[in-house]
1. How are the alpha carbon pair distances in the range 281-320 distributed across 5 Å bins from zero to the largest one, expressed in percent?
2. For the chain, what is the calculated [θ] at 222 nm in deg cm²/dmol (nearest 500), taking -39500 (n - 2.57) for each run of four or more DSSP H residues and dividing by its residue count?
3. Can you give me the convex hull volume of the Cα atoms of the chain, divided per residue and expressed in Å³?
4. Kindly report the accessible area of the chain per residue (heavy atoms of protein chains, probe 1.4 Å, no ligands, DNA or RNA), in Å².
5. If the range 97-173 were replaced by its equivalent ellipsoid, with semi-axes equal to the square roots of 5 times the Cα gyration tensor eigenvalues, what would those be, largest first, whole Å?
6. Between ASN292 and LYS153, 0.36 nm times their residue separation minus their Cα-Cα distance comes to what?
7. Beyond 16 Å, what percent of the Cα pairs of the range 85-126 remain?
8. Where q = 0.10, 0.13 Å⁻¹, what log10 of I(q)/I(0) comes from the Debye formula for the range 34-188, counting one point per Cα?
Amino acid sequence: MPRIELLVIQPTPFCNIDCRYCYLPQRSSKAVVARETLVNLFTQVFASGWTRDGLSIVWHAGEPMVLPTGFYRDAFRIVEGLKPAQLAVGHSFQTNGTLIDDAWCTFFADERVNVGVSIDGPKRFHDRHRVTRAGSGTFDRTIAGIRLLRRHKVPFHVISVLSAASMAAPSELFDFYVEEGIERVCFNVEESEGDHVSQSLAETGIAEAYYRFLAEFWRLSVAAPGKISFIREIEHAIAQVIRPANAPFNNQLVEPFAITSMDWDGNISTFSPELLGLKNSDYEGFSLGNINRDALVDLPQRPNFVRLYSDIRKGVEMCRDLCGYFSVCGGGEPVNKLAENGTFVSTETTYCRLTKMRVTDLVLDTLDRVRPLGVDRETASGAAAVG
Ligand code: SF4
């Protein structure tokens, strides 16, 4: 039986800005998910038996804050009214931060929303890609939103998309975060997804540049305790490398319905959330059904799901056979395999070379240096397969 751990909901495909690397095809559409669609989704999800210990709901795939706070207060009450009593449900927003005001801060605090703000570091990096439809930079509005979150003491993290230029400036990014009181950081690299072809991934030597960036950023953080409390890439890699040897690796991205995604119109997909809305001549799209017309529990029997899952599994098995990093990766991200290799039935991508291989190398290299403290390359579970 599937187990839903993460529900990604697109409340609207609309975004109030127009980032140069955005892959969302419908970001000019002002469509909004109907209340009835949300009721159908939550009714079916909670009746499916596919949720167990906890459920994270991410409101994303468009700018969620273009809708009023009242929309979400109502949606959250729908969830509370329908969910099993013992099920812990948490809500997260990923936002460009340009619309944060006092009312939103009150809402985030009241509802204990996990807030992620997309900011690509200092203005000179951020404004290169994160622009309005008229082409002007959005940094000033985003940093104003972050400062407001801090003033209201709303916990938040940032996600910064790294370019080749910002990867060359780890201390500039570090100083920026510290100056702005940003303590929790996540780094993405510009990916090839859908129609968007990444310029960064095509740069010669990008994997080494990424390694150097993370190594220096980590070193700076360790040298200034109490400033940066969380670097997602490092924390995740450490957790995968140092774990009990018999602990299985859970790669949500290749487990059916572990991540379940729904667009504003009720279309359901799974595996990489970015697949929903993508067009592909081999698969005729990745919508497996519609929550307003279909039974969620029937979707695993649909021929398009069976074929999709079979191809993703084949790619995972190839990874298991061929890749020394499998124990800390679990077969990667299907959407990147499709975008970079043209097929799910494949292994390595530039994306996984950066975000899995080089980050793991960095953690293992660091463990090698601190071996006298008692952890060595051979006893780390990931290292056993990587080395
Ligand atoms: S690192 Fe890349 S090649 Fe290795 S298991 Fe992960 S996706 Fe597959």
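The values are calculated or read from the model by the stated rules, or taken from the named source; none is laboratory data. Being a predicted model, the structure only gives us computed values, none of them experimental. No Cβ is skipped: glycine too gets one built from the backbone with ideal geometry, and neighbour counts run over all protein chains shown. Surface areas here come from the heavy atoms of the whole protein model, side chains and all, with no ligands, DNA or RNA. Shrake-Rupley method; radii C 1.70, N 1.55, O 1.52, S 1.80 Å.
1. Spelled out bin by bin, the range 281-320 gives 5, 22, 25, 21, 16, 8, 3, 1 percent.
2. Values: 13 runs with 144 residues, N = 387.
Only helices count here, giving -11500 deg cm²/dmol.
3. Values: hull volume 56.0 nm³, N = 387.
In the chain, the Cα convex hull volume per residue is 145 Å³.
4. Values: 16890 Å² over 387 residues.
Each residue of the chain exposes 44 Å² on average to a 1.4 Å probe.
5. Numbers: eigenvalues 119, 42, 17 Å².
Equivalent-ellipsoid dimensions as semi-axes: 24, 14, 9 Å.
6. Working: separation 139, 0.36 × 139 = 50.04 nm, distance 3.92 nm.
That works out to 46.1 nm of additional length.
7. Numbers: 424 of 861 pairs.
Across the range 85-126, Cα pairs with separations above 16 Å total 49 percent.
8. Reported log10 I(q)/I(0), two decimals: -0.42, -0.68.
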